[in-house]
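Read the structure below first, then the notes.
Read the figures in this text as sums done on the coordinates, not as results from a lab. Because the structure is predicted, anything quoted here is derived from the model rather than measured. Cβ coordinates were reconstructed from backbone atoms using ideal geometry, including for glycine residues, and neighbour counts include every protein chain displayed.
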Amino acid sequence: MAFGGAIGTAVRAFLAQAFPAVDGISWTILAINVVGAFCLGLLLDTLARRGPDVGRRRSLRLFVGTGVLGGFTTYSTLANDTARLLGDGRWAAGGGYALLSVVLGLAAVVAGLAVAGGTTERAAR
């Protein structure tokens, strides 16, 4: 799990450095969190449909879900960036960034679940 976290964190750090914040808003972190939410929904639904959370499925869930995706996503940076924007008096930017992150994250999880469900149903035919 720790190795997975190191992988996810390294990828996030690379992307955040390659695509820095614009005017105090890190669109890269927003995209990372949304992609991570989608992947987590996809992973968990796919694994749940294949059987109980034991053995290799459990190991995969912990390595990829908790490790890689846990290290890749960063809601603490979202909270810090939002607090900084609000502290600078940029209420619309801070509130919009936080709200957009939550709404897009929820939509991404739902999309991941839908894709996993559709893939599993097609494979069962």
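Can you list residue pairs whose Cβ atoms sit under 6 Å apart, with the first residue in segment 78-92 being in contact (Cβ under 8 Å) with a residue 40 or more places away in the chain and the second being surrounded by 12 or more Cβ atoms within 10 Å (Cβ to Cβ)? Count only pairs 6 or more apart in sequence or on different chains.
Leu78/Ser101; Asp81/Ser26; Leu85/Gly24; Leu85/Ala93; Leu85/Gly94
Among the residues of segment 35-73, what is the count of those that are touching a Gly at 6+ places or on another chain (Cβ under 6 Å) and under 18 Å from Leu99 (Cα atoms)?
Selection size over segment 35-73: 3.
Tell me which of these Gly51 doesn't satisfy, since it passes every other one: (1) under 22 Å from the mean Cα position of the chain (by Cα); (2) farther than 23 Å from Thr9 by Cα.
The failed condition is (1).
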